[in-house]
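Comments concern the structure below.
The values are calculated or read from the model by the stated rules, or taken from the named source; none is laboratory data. Since we're looking at a predicted model, the values are computed, not measured. Counting neighbours? That spans all protein chains shown, and the Cβs are built from the backbone with ideal geometry, glycine included. Calculation scope for accessible area: heavy atoms of the full protein, side chains included, ligands and nucleic acids excluded. Shrake-Rupley method; radii C 1.70, N 1.55, O 1.52, S 1.80 Å.
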Amino acid sequence: MEKEIQDRESELQAALAATKTESALEEIRIRYFGRKGIIPALLASVSTLPPERRREVGRAINAFKDRAEAAIREKRAALTPASVQSASLDTTLPGRPVAEGSLHPISRMSRQIVEIFRRLGFALADGPEVETEFYNFDALNTPPDHPARNEQDTFFLRDSSLLLADPSPKGGRLLLRSQTSPVQIRVMERQRPPIRIVAPGRCYRRDEIDATHSIAFFQVEGLVVDEDVSLRDLKGTLELVFRELLGHDTRFRFRPHYFPFTEPSFEIDGFRPGRSQAGKDWLELCGCGMVHPKVLTGVGIDPDRYSGFAFGFGIERLLMIVGEVPDLRFFTENDVRFLRNLSSPI
Ligand code: DAH
């Protein structure tokens, strides 16, 4: 009898070692523990033994039973991870979509504008948002009594000394730049002609916030300085860029205007046939002009040898035209429904 128990135990061990699936393991379990299984049969055979042998043999069978149970449990645990995987992982199913963000419409528009200018040979330039009066006004030929220098129109910083990034700033108080034009000065201070740059960036003005006014907005500044730069270059460049942005059938008119840093100065209006907006046919697009000789002299560029043109326009304004956005505040409220709408290709 003891020999039989030993044989059964080695058989079980060999069978378990060869088992690779849960169903094969279940078959073994039934073979040993089922109603007509090996272990119940062994236990039943105890009653056929002489009474003095029964206790000892019964104990041996029960011990085998415990070891067999443990061995099967262990094998099951070893098989489970693989079997669970094969049951629940279907590698042919499509993946779960990752909730991906996207660029803000202003960033997209800004990149699109820069991309067009790059094709024309312009480089990207940048300047600080916290500026000095010198760069924002004086160097741009803006006289001290100009209305923009009034505290009602520009944000001045109260304690400038705490905020100076540049230990020897040129000229006066710190302010939040009210235009991107100071980038022109910073570029011309560092670089000699030929110069061709665009500089997108944020500007700040004191304003009552409504559908068309904000205290922070984006502009794109542009500057070209070289020998023989004329108004024709300005016109050809800007018409090309705005046609790319607004449609190739866009028509333009150049209205005489005044900016302190250009002479002559213009405002460009655009007209898109069949797409008048808010009842208006002509939409203001951009300020521009030929760089004022005083501005060139101020940065040490000889105005008798070099000439240039400059321009500046609002990115939100352009997006409002292209994307038919009725209210400037949509750009900062960040309602995803609005953002999604405008993030389709423009
Ligand atoms: N800085 C002007 C503004 O904020 C826009 C502008 C006009 C920029 C003419 C220029 C320019 O460079 O030449 O209204």
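Could you say whether any residue in the range 331-342 is buried (at least 19 other Cβ atoms within 10 Å of the Cβ) and within 24 Å of Pro143 (Cβ to Cβ)?
no
It is to be established whether one or more residues within the range 119-129 are open to solvent by 20 Å² or more (accessible area, probe 1.4 Å), out of contact with any strand residue (DSSP E or B) (no Cβ under 8 Å at 6 or more places or on another chain) and under 19 Å from Val291 (Cα atoms).
no
Out of all the residues in the range 46-69, which are part of a helix (DSSP H, G or I) and either among the hydrophobic types (A, V, I, L, M, F, W, C) or not assigned by TED's automatic domain parsing to the domain that holds Arg29 (or both)?
Passing the criteria: Val46, Val57, Ala60, Ile61, Ala63, Phe64, Ala68.
Failed condition for Gly172, given (1) touching a strand residue (DSSP E or B) at 6+ places or on another chain (Cβ under 9 Å); (2) assigned to a loop (DSSP other than H, G, I, E, B); (3) modelled with pLDDT of 95 or more, with all others met?
It fails just one condition, (3).
Which residues, taken from the range 104-142, are assigned to a helix (DSSP H, G or I) and of a type in the set (D, E, K, R)?
Arg108, Arg111, Glu115, Arg118, Arg119, Glu133, Asp138
Search the range 204-225 for residues being open to solvent by less than 60 Å² (accessible area, probe 1.4 Å) and among the polar types (S, T, N, Q), and hand back the single one that is nearest to Glu151 (Cα to Cα).
Ser214
Across the range 234-261, what is the number of residues that are over 35 Å from the mean Cα position of the chain (by Cα) and either away from the ligand (no atom under 11 Å from the Cβ) or not assigned by TED's automatic domain parsing to the domain that holds Tyr135 (or both)?
Step one: filter the range 234-261 for residues over 35 Å from the mean Cα position of the chain (by Cα), giving 253-261.
Next, from what is left, pick out any that are either away from the ligand (no atom under 11 Å from the Cβ) or not assigned by TED's automatic domain parsing to the domain that holds Tyr135 (or both): 253-256.
Selection size over the range 234-261: 4.
Is one or more of the residues making up the range 199-214 of a type outside the set (Asp, Glu), out of contact with any strand residue (DSSP E or B) (no Cβ under 6 Å at 6 or more places or on another chain), in a strand (DSSP E or B) and touching a residue at least 40 places away in the same chain (Cβ under 8 Å)?
Yes, there is a match, as at least one residue in the range 199-214 is of a type outside the set (Asp, Glu), out of contact with any strand residue (DSSP E or B) (no Cβ under 6 Å at 6 or more places or on another chain), in a strand (DSSP E or B) and touching a residue at least 40 places away in the same chain (Cβ under 8 Å).
Working carefully through the options Leu103, Leu16, find the one that is among the aliphatic types (A, V, I, L, M), surrounded by 12 or more Cβ atoms within 10 Å (Cβ to Cβ) and within 30 Å of Pro200 (Cβ to Cβ).
Leu103
So, of the residues in the range 268-295 that are open to solvent by less than 30 Å² (accessible area, probe 1.4 Å) and among the charged types (D, E, K, R), which turns out to be farthest from the ligand (Cβ to nearest atom)?
Arg272
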